[in-house]
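Visitor: Below is a structure I'd like to ask you about.
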Amino acid sequence: SNVSVSFERFGEPFLGTDAKFVEFLANAMESVIGRRPEVGTAGGNSDALSIHKITNVVEIGTPIAGAHILNECIPAIDLLKLKRIYLKVMQSF
C-alpha cells in the first residue's frame, strides 16, 4: 500500500528575553498567591506564537488540565486569583 505521511510545525519555540519584566510579573503573582510562580516554556498552543517576533511576550494564567477541550473550565477560586493578579500588575505598572 502507498502511504504518505508529513508533519507540519505550527510555530517555532521561543523564550522571552525580558528578565526584568518576568521578575516584575513573578513578584506581583507572589504577592497575590503567596508563592513564587513556576517560570517555564511547557505550555500549549498560544497566541504568543503569532506575536513573539514583534514584541516580548510573557503569559500568565492558571494551569488547566485538558485545555482546549469541550466545556473547558477552571475552578472559580483560580479565576478570582487571576483577576487579583491582573489588578496587581496594573496597579504596580
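Visitor: Would you mind calculating the gained length between Ile64 and Ser6 on full extension (0.36 nm times residue separation, minus the Cα-Cα distance), in nm to one decimal? Please list the in-between numbers first.
Guide: Details: separation 58, 0.36 × 58 = 20.88 nm, distance 2.99 nm.
Result: 17.9 nm gained on full extension.
Visitor: If Asp18, Asp47, Asp78 are ordered by their accessible area, calculated over protein heavy atoms with a 1.4 Å probe, which sequence runs from highest to lowest? All intermediate terms of the calculation are to be shown ahead of the outcome.
Guide: Values: Asp18 65, Asp47 125, Asp78 40 Å².
Result, largest first: Asp47, Asp18, Asp78.
The values are calculated or read from the model by the stated rules, or taken from the named source; none is laboratory data. Keep in mind the model is a prediction, meaning the values are calculated, not measured. Heads up: the accessible areas ignore ligands, DNA and RNA and are worked out on the full protein's heavy atoms, side chains in. Shrake-Rupley method; radii C 1.70, N 1.55, O 1.52, S 1.80 Å.
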